[in-house]
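Please treat every number below as a calculation from the coordinates, not as lab data. This one's a predicted model, so the numbers in the text were calculated from it and none came from an experiment. As a convention, Cβ positions derive from the backbone with ideal geometry for all residues, glycine included, and neighbour counts pool all protein chains shown.
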Ligand SMILES: [Cu+2]
């Protein structure tokens, strides 16, 4: 660890566009990811709002059925591959992992830059489906065969985009694994590592070991489309269920690529804002690994109604229930952390608490889907759509925005308006529930997902849901507007506005290029050893 | 305190393979390819085992490539462990999928 030779922060050392897009500084690459991710996120939100607008009334409101199919597919592809999968690791992992480990960069800074470029190329490929041929794929983000092989829309390009984006994800994972093994500050053993680093470690192994499977699976679709190899088409000896196996062998673990980093964020936020040691450090750390491991063997729960064997269904259902154990361990430990803490209610804490609430609804509705009998009724209904929005958006999305509010003063050295942030949070939270809770209800009533039209008895919940989308967008815009305003006119903050003992708060805000101006001191007795316990 | 060194310094053990080793590896691969073809042409009575035989030969070829051409034999043990872990994971995927398929 060297000390900085200048007082300049990492924004000031170099200026100009090229100093950013060719930067190998992990902090700048994290911000590049942030800006690009937020752009694609807003595109995805717009598509989502358009879908809700179409579903306001039965029959046609604003778009044709075919357009609707393409809109929900593009919404899924953008939100999954361009936003949630990279989100927390690529933005906050890149920016804060090296700082939290007390080092000056990731192990492979150039690979890190390459991963951003690959991400941008993949994103452009995904969005390019809008402008040529028959438009974006209309298969849903899952690209199920045989339809994905037959449709004339731009499935090949969408699939290639996901393939390319996979490489970006693999490179980030590889980088983090090596960084965590090799670059921890002297004295920081694995068991003294921040839990955010632990969660990124588990995530990285999934990225590294599962992503190649989706790559090869998607290439099989291309082979099937162009050469009719007969991998999935039963009339020439293929098996359509094989596609679903291969797709979900990656895409279920991918759920944990999205969720585990969020768990890590929550494990950072709660100790800081309750000024108290995290409850059950070891249990939280190892439950991440347990989730990552067990999560590899539950993929079949997406296929209970696909004509899978009875034995297969039972095995996958049992395994699915097993994942609930390490997840519940985390939830209970978080709640226990708050107990008798001196709680400081700030926007990041609000997002963390909302995370626990929304993620619990998402997780418990997941058990309803993981049970064989109830899944027969609920499979492919709006219950599933409600469930995964609670998990992904209510979980990872809220953790992402919580992290943004938490580390904002560190990244930019300024503070946003706390009152406005709190108001935006309340609107956002209410909008979220008004938008997605009716989906759970209407799904229980039997409304199928991915349908352009619906029966009159589903009208009222759909109307409520669409109103919710407007509330949510209002909250979202207020939140982002407040952050952007803070960026320009926010009050300057010192090193440690939240009184945290984590390493990133020991350095100036914004940090200097080499991350620390003086040697960081590891807190005695572990990363969460707050004095007032 | 110590900075854990879990891998040896790369500079220490950079193995340079001889021509002899390269060519014998090539010969082995070609031989195995001939064997694959031979089995598929003449081995019609293998029936359901023909896929298994082809996969077995392909696996041996992959290992030869990994060990000699890709220098796994001369690298630190860690890399062999990593390969083993990945292969085990792959086998587990196959086993779980087969449990489903064979009971359909
Ligand atoms: Cu799943």
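Using alpha-carbon pairs under 8 Å, 6+ residues apart, how would you state the relative contact order of segment A:23-506 in percent?
Values: 780 pairs, mean separation 75.8, N = 484.
Normalised by residue count, the contact order of segment A:23-506 is 16 percent.
Could you tell me the relative contact order of segment B:17-102? Use alpha-carbon pairs under 8 Å, at least six residues apart, and round to a whole percent.
Value for segment B:17-102: 29 percent.
Is the protein assembly as shown best put as rounded, prolate or oblate by its Cα gyration tensor, with a ≥ b ≥ c the root eigenvalues, rounded for a/c under 1.5, and otherwise prolate when a/b is larger than b/c, oblate when not?
Judged from the Cα gyration tensor, the protein assembly as shown comes out oblate (a/c at least 1.5, b/c at or above a/b).
How do A:46-58, A:95-107 rank on mean C-beta neighbours within 10 Å, highest first?
A:95-107, A:46-58
So if I take the centroid of the Cα atoms in segment A:23-54 and the same for segment A:480-533, what is the distance between those two points in Å?
A separation of 25 Å, based on Cα centres.
Averaged across B:88-99, how many Cβ atoms of other chains sit within 10 Å of each residue's Cβ atom?
That works out to 4 on average.
Taking only DSSP H segments of four or more residues, each worth -39500 (n - 2.57), what value at 222 nm results for chain A once the sum is divided by all its residues, to the nearest 500 deg cm²/dmol?
-21500 deg cm²/dmol
Arrange A:233, A:7 by Cβ neighbour counts within 10 Å, fewest through most, would you?
A:7, A:233
At a Förster radius of 35 Å, what calculated FRET efficiency corresponds to the Cβ-Cβ distance of residue B:87 and residue B:16, to the nearest 0.05?
With R0 = 35 Å, the Cβ-Cβ based efficiency is 0.80.
Quantify how strongly other chains surround peptide A:301-314 by giving the mean number of their Cβ atoms within 10 Å of each of its Cβ atoms.
For this peptide, the per-residue mean of nearby foreign Cβ atoms is 2.
Exposure proxy check: A:64, B:100 ranked by fewest other beta carbons within 10 Å? Please list the in-between numbers first.
On the way: A:64 11, B:100 20.
The most exposed by this proxy come first: A:64, B:100.
Using a basic spin-label model with each label point 7 Å from the Cα along Cα→Cβ, how many nm lie between residue A:499 and residue B:23?
That separation, rounded to one decimal, is 7.7 nm.
Over segment B:17-102, what lengths in whole Å, largest first, do the semi-axes of the equivalent ellipsoid take, defined as the square roots of 5 times the eigenvalues of the alpha-carbon gyration tensor?
27, 23, 5
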